[in-house]
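Following: one structure in structure tokens, then a few remarks.
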Amino acid sequence: MKNGKTPVNWLRSFEVAARHLSLSAAASELNVTPAAVSQQVRLLELRLGEKLFVRHARGLRLTLAGEALVPVCRESFERLDTALAELFGDRGKQQLVIRVSLGFARQWLLERLAGFARKHPEIPIRLVTTVWAGEPLDSSVDVDIRLTAGPIPGMQSHQLTHDAVFPVCSPGLAKAPPRLRRPSDLRHRSLLTTIGFAEGWRHWFAAAGIDPEPSATRLEFDSMRLALEMAALGHGVALARSSYAEDLLRAGRVKPLFNVRISASDNVYMTLARGLEGSSPAVQFRDWILGKPVR
């Protein structure tokens, strides 16, 4: 056999022709002409250096080489189809694809998504996660849940959070000496920072009316979940957002410090295409999340 890659369409033409033992039937399935199927099979035979079919008036008969190749092709195409279904799902079944940041999914979305799935078991759902959002929406995503400063132009956009920003730490660290009694006590503590948000420690210290000095340790994370988990373990003070920290606050794994809170200028929005039918999975999910009745 010649070196190089064998064109997949040659192998597909062979597999279909072998299944039907007819060039005409294979052409009908592949939506091409019988001559095109015949040519691709001949090219494959030339590449392999073996005859795959014996052609006669009533159709085709496989040679020994053809019989050996059929199960290889069939298994390969079945595995490819299975992999494509796993990766991309069956869009013909109105699958709902939701894209969301990993941290926000864990802290805010998963319980709500589970409720929607129980209410709509007929809708296949795929959740894909990202650290930072890419393009606002594309054909592979039905609903995009992202951090942004405002509505996405040209799309349906619904604000899901109205976050307050404030420091949190573990209950143990809050009680450990030296006690955290005033915002200025944070200046020499390990401060845990999440990059990518509009408001950071500098903004919070300014709201608290103090001029911060460099802390003993500064740790930066690209995920608020990691920063909050670090705080919950007692390894510093994290600047939290209310929606991202709600499960840890509810469980008592972290506690808020002081009474200084600032409003976030960027929040999480749910975005989907305009003009969708009311029965579409994306619209049903939107109505579920926003608490609207599904009509």
Q.
With of a type in the set (D, E, K, R), modelled with pLDDT under 95 and in a helix (DSSP H, G or I) as the only criterion, which of E220, E246 stands out?
A. E246
Q. Going through the stretch 158-178 one residue at a time, which ones are outside any loop (DSSP other than H, G, I, E, B) and either in contact with a strand residue (DSSP E or B) (Cβ under 7 Å, 6 or more places away or on another chain) or touching a residue at least 24 places away in the same chain (Cβ under 8 Å) (or both)?
A. H158, Q159, A164, V165, F166, P167, V168, C169, P171, G172, L173, A174
Q.
So in the stretch 106-121, with the set limited to residues that are in contact with a helix residue (DSSP H, G or I) (Cβ under 9 Å, 6 or more places away or on another chain) and without any contact (Cβ under 8 Å) to a residue 40 or more places away in the chain, which one is surrounded by the fewest Cβ atoms within 10 Å (Cβ to Cβ)?
A. E111
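Among the candidates W288, W201, single out the residue that is aromatic (F, W, Y) and in contact with a Ser or Thr (Cβ under 7 Å, 6 or more places away or on another chain).
W201
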(Q) For a quick check of your reading of the model, give me the residue pairs whose first member lies in the stretch 222-243 and is surrounded by fewer than 24 Cβ atoms within 10 Å (Cβ to Cβ), whose second is of a type in the set (A, V, I, L, M, F, W, C) and part of a strand (DSSP E or B), with beta-carbon atoms closer than 6 Å and at least 6 apart or on different chains. (A) M230/L192; G236/L192; S242/A164
Q: Take the stretch 269-295 and flag every residue that is basic (K, R) and either modelled with pLDDT under 80 or under 20 Å from the mean Cα position of the chain (by Cα) (or both).
A: R286, K292, R295
Q.
Checking the condition outside the structural domain of S279 (by TED's automatic domain parsing) and either in contact with a Pro (Cβ under 9 Å, 6 or more places away or on another chain) or at positive phi (or both), which residue from L62, L43, L48 passes?
A. L43
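The values are calculated or read from the model by the stated rules, or taken from the named source; none is laboratory data. Small disclaimer: the values here were computed from a predicted structure and weren't measured. Here the Cβ is made from the backbone with ideal geometry for all residues, glycine too, and neighbour counts use every protein chain on show.
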